[in-house]
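Peer 1: My structure is below; once you've seen it, I'll send some questions.
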Amino acid sequence: MPLHTQDKNWILLTKHTAYVIGLNAAGRLVHHYWGRQLPFPEDYFAENEPLEWLPFDAPGMRMSEEYPVYGSPDHIDPCLKVMFSDGVRSAVLHFESALPEDEALSLRFRDDDYPLALSLHYRIHPTYDLIERWITLENLGTVPVQIERVFSAQWHVPNNGAYRLSHLTGRWAAENTLRREWLSHGIKMLDSRRLNTSHHHNPYFAIDGGAADEDQGQVWFGALAWSGNWKISVETNDYTAARINIGINDWDFGWTLQPGEIFTTPATLGGYTESGFGEASQHFHDYIRDAVLPHGKTTHPVLYNSWEATTFNVDETSQAKLAEIAANMGIELFVMDDGWFQGRKTDHAGLGDWHPDVQKFPHGLTPLIAHVNRLGMAFGLWVEPEMVNPDSDLYRNHPDWVIHFPHRPRSESRNQLILNFGRADVRDCILAQLDKLLRENNIAFIKWDMNRSVSEPGWPDHDRDQRELWVRHVWGLYEVWGTLRRKHPNVIWQSCSGGGGRADIGILHYADQIWVSDNTEATARLGIQHGFSQVFPANTMEAWVTDADSARVPLEFRFHVSMCGSLGVGGHLLKWSESDRAIAAQCVAQYKEMREIVQFGDMYRIHQSHHGAFSAVQYMSKDRSEGVLFVFRTHIPDPVFLPQIMLRGLEPDAHYAIEDVSGSRSGLAWMTTGVRFDLHNFESTLRRIHRIEGA
Ligand code: DGJ
């Protein structure tokens, strides 16, 4: 049974972990425990009550309150802040009821004096050692309540004396740089204020005591399933555990909760492992593949994308030529990127008018799609539905549909403005256009892009708090995308935002994969992919082989990097030599033979040394019978002696062979004494691993 109730205490059990909360004598919900399962239920209830009242450090400062709200004298960073119509800004909530289910729990609290109810929701994901949490806030009265902050949760990491925070940071074309840093007293904050998830930080955290590595050590980790403004703040003080607030960003947030309305926050996922960062990632990967992705079990095809080859200069002839070469390489899906729609010659015009440009495609898309289909490939298309160029029919007809402040300039970025997806008329218009496109054309794949951050975040004719925009835009995005998914269930979707600006568990309920970065240079990509893999599984990691740095980095190396995810090609194929095309065909064929292992197996970030210039990644099938090992050397000055690679995830007592390495050995031997490869600068190798049955 994943949920145990004992009086007013609740023990949430996953396969290996326990998460324990309970009401204390004062009726406050206390976080008791999060870690490995202990033998007896009473083991979880160590003393967690402040013994005495100290003048400047009230009880809440010295205990781990599960969901602290602003209103007590505690002065810790709270999860909830509301204002009632008479100006009172404290919420004083008392436990009302519990709704336990097999793998879920809801705890409801009510303000005694004001008509506000707060519910904490939990869902247990036993297989993945994950707990999911979110909040609902309900106005039970007759006048509005103003919400100023409502986070999805506060996670508590026990007081181990030292905290190291791992997080993903970066910028455009350099997303997902993994950083590990010590926390000291105060608040460390990560966030997005851009309307989307952002390239700069990702809503992910991991906390350890400093000793964890890929294979061992206690790690508490989590993420937020949300594609808009978000915030993670980690507070540490003298007394208690690190507290991690996570949820919709309260920066410029405002919400008028009308009588009878319920506000639901996005969900956060949290997990605990004693097997290091590697297992933390594997839990996320399995959960995302099994429980989040719409097509989590579908093998992704090898795709070609036209962007880096033809940019905006797409037309039937240019695309048909690329498609023919792509088909000969064994590519299965041909995606025409930006440039195909009305008026789109450069990035100055066209966004908003989602029908084929009459000059470029005088007979519509049908002839090109038919050609691509005849070549044996499916067809995919790029769109950027939330955006509009001032030079478009849509904007000329509806200039009020964009996010803007009156009397202020509408700042353009890449010559575009953002449509307000909070508005029903905007959603209807875009939905109708995209639905028509999908109904009238044989489109198997859509890349949904978003190429700017927000500015002047106003909604002048909204009759409520204009700051609701931050949330309503994202809800609108989910609604449009979700409706399209339901109407066209076989289409595969990719989330892109100028590369990896919208990579989060929220969008993966709608998108099957993510375009990780506009930086397609293979050696840079190694680091970006390393960071991305902390949260996201390989089948969501779309990775193209392009011409970036092709003078320095061999084609085979570039393929190997992209084969670590969902393989794509994005180079200018007309310029590729016959021998390049032959290498490509060989790599594509090789990928097809092993992609089930990469896309659905367990991933091990097996080695990183020489400041990342020597690295290895391994994937193992779930039944441990087959694996793939990738080893990369970028640039290390000679002389260098490359270290042993210790494999992972093998059955210790079974026999395994590694492609082109002599002799079979036990799994334990490969994992403890390893294997060594002599690679030169910018050399890589890909080796299949086979379990020898009956040996
Ligand atoms: C940004 C994307 O990341 C690129 O792959 C490409 O689709 C361009 N937008 C097209 O404008």
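Peer 1: If you take just the strands (runs of 3 or more DSSP E) that sit entirely in the range 249-365, which of them hold at least 2 residues that are in contact (Cβ under 8 Å) with a residue 40 or more places away in the chain, among the polar types (S, T, N, Q) and within 30 Å of ALA153 (Cβ to Cβ)? Before you say what the answer is, go through the steps one by one.
Peer 2: On the way: elements: 255-257, 262-264, 268-273, 303-305, 333-336.
It comes to 268-273.
Peer 1: Next up: Any idea which of VAL617, VAL675 is open to solvent by less than 40 Å² (accessible area, probe 1.4 Å), of a type in the set (A, V, I, L, M) and closer than 29 Å to GLU332 by Cα? Before the answer, list the steps.
Peer 2: Numbers: VAL675 fails: closer than 29 Å to GLU332 by Cα.
Answer to the selection: VAL617.
Peer 1: Okay, next question. Looking at the range 416-423, is at least one residue over 24 Å from the mean Cα position of the chain (by Cα), open to solvent by 40 Å² or more (accessible area, probe 1.4 Å) and of a type outside the set (Val, Ile, Thr)? First the steps, then the outcome.
Peer 2: Let us first name the residues in the range 416-423 that are over 24 Å from the mean Cα position of the chain (by Cα), namely 416-417, 423.
Of the ones still in play, those that are also open to solvent by 40 Å² or more (accessible area, probe 1.4 Å) are none.
Looking for residues that are over 24 Å from the mean Cα position of the chain (by Cα), open to solvent by 40 Å² or more (accessible area, probe 1.4 Å) and of a type outside the set (Val, Ile, Thr), one finds none in the range 416-423, hence no.
Peer 1: Quick test of your reading of the structure: GLY35 fulfils all but one of (1) open to solvent by less than 30 Å² (accessible area, probe 1.4 Å); (2) part of a loop (DSSP other than H, G, I, E, B); (3) touching a Ser or Thr at 6+ places or on another chain (Cβ under 8 Å). Name the failing condition by number.
Peer 2: (2)
Peer 1: Is it the case that ASP580 is within 18 Å of GLU308 (Cα to Cα), acidic (Asp, Glu), touching a Gly at 6+ places or on another chain (Cβ under 6 Å) and open to solvent by 20 Å² or more (accessible area, probe 1.4 Å)?
Peer 2: It is false that ASP580 is within 18 Å of GLU308 (Cα to Cα), acidic (Asp, Glu), touching a Gly at 6+ places or on another chain (Cβ under 6 Å) and open to solvent by 20 Å² or more (accessible area, probe 1.4 Å).
Peer 1: Further question on the same structure: Kindly list the number of the only condition in (1) in contact with a helix residue (DSSP H, G or I) (Cβ under 7 Å, 6 or more places away or on another chain); (2) among the small types (Gly, Ala, Ser); (3) open to solvent by 70 Å² or more (accessible area, probe 1.4 Å) that fails for ALA26.
Peer 2: ALA26 satisfies every listed condition except (1).
Peer 1: Separate question: Report the residue count in the range 571-612 for those that are within 29 Å of HIS283 (Cβ to Cβ) and not in a helix (DSSP H, G or I).
Peer 2: 9
For (1) open to solvent by less than 30 Å² (accessible area, probe 1.4 Å); (2) more than 26 Å from TYR478 (Cβ to Cβ); (3) in contact (Cβ under 8 Å) with a residue 24 or more places away in the chain, each residue gets a yes or a no:
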residue: TRP172; (1), (2), (3): no, no, yes
residue: TRP182; (1), (2), (3): no, yes, yes
residue: ASN196; (1), (2), (3): yes, no, yes
residue: HIS200; (1), (2), (3): no, no, yes
residue: PHE205; (1), (2), (3): yes, no, yes
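Peer 1: Take GLY278 and tell me if it is over 22 Å from TRP481 (Cα atoms), modelled with pLDDT of 95 or more and within 18 Å of the chain's Cα centre (by Cα).
Peer 2: yes
Peer 1: What strands (runs of 3 or more DSSP E) lie completely within the range 69-125 and have 1 or more residues being more than 20 Å from LEU23 (Cα to Cα)?
Peer 2: Strands (runs of 3 or more DSSP E) meeting the threshold: 80-83, 116-125.
Peer 1: If I filter the range 324-342 for residues that are of a type in the set (S, T, N, Q), within 16 Å of the ligand (Cβ to nearest atom), closer than 25 Å to ASN415 by Cα and surrounded by 18 or more Cβ atoms within 10 Å (Cβ to Cβ), do I get at least one hit?
Peer 2: Yes, the conditions are met somewhere in the range 324-342.
Peer 1: LEU434 versus (1) among the hydrophobic types (A, V, I, L, M, F, W, C); (2) within 24 Å of ARG193 (Cβ to Cβ); (3) under 25 Å from the mean Cα position of the chain (by Cα): which is the lone unmet condition?
Peer 2: So the condition that LEU434 fails would be (2).
Peer 1: May I pose another question? Residue by residue through the range 402-433, note down the ones that are in a helix (DSSP H, G or I), of a type in the set (Gly, Ala, Ser) and farther than 26 Å from PHE312 by Cβ.
Peer 2: ALA424, the sole residue that qualifies.
Peer 1: Spot the failing condition for LEU417; the list is (1) within 30 Å of LEU322 (Cβ to Cβ); (2) within 16 Å of the ligand (Cβ to nearest atom), and only one is missed.
Peer 2: (1)
Peer 1: Residues being touching a residue at least 12 places away in the same chain (Cβ under 8 Å) and in a loop (DSSP other than H, G, I, E, B): count how many of those fall in the range 639-692.
Peer 2: Quick first cut of the range 639-692, residues touching a residue at least 12 places away in the same chain (Cβ under 8 Å) only: 640, 642-661, 664, 666-668, 670-692.
With the extra rule that they be in a loop (DSSP other than H, G, I, E, B), the set shrinks to 640, 642-644, 646-654, 659-661, 664, 673-674, 676-682.
Residues in the range 639-692 being touching a residue at least 12 places away in the same chain (Cβ under 8 Å) and in a loop (DSSP other than H, G, I, E, B): 26 in total.
Peer 1: Residues being touching a helix residue (DSSP H, G or I) at 6+ places or on another chain (Cβ under 7 Å) and polar (S, T, N, Q): count how many of those fall in the range 392-444.
Peer 2: So the count comes out to 3.
The values are calculated or read from the model by the stated rules, or taken from the named source; none is laboratory data. In this text the structure is predicted, and so the values were computed from the model without any measurement. A quick note on method: Cβ atoms are made from the backbone with ideal geometry, for glycine too, and the neighbour counts reach across all protein chains shown. Surface areas here come from the heavy atoms of the whole protein model, side chains and all, with no ligands, DNA or RNA. Shrake-Rupley method; radii C 1.70, N 1.55, O 1.52, S 1.80 Å.
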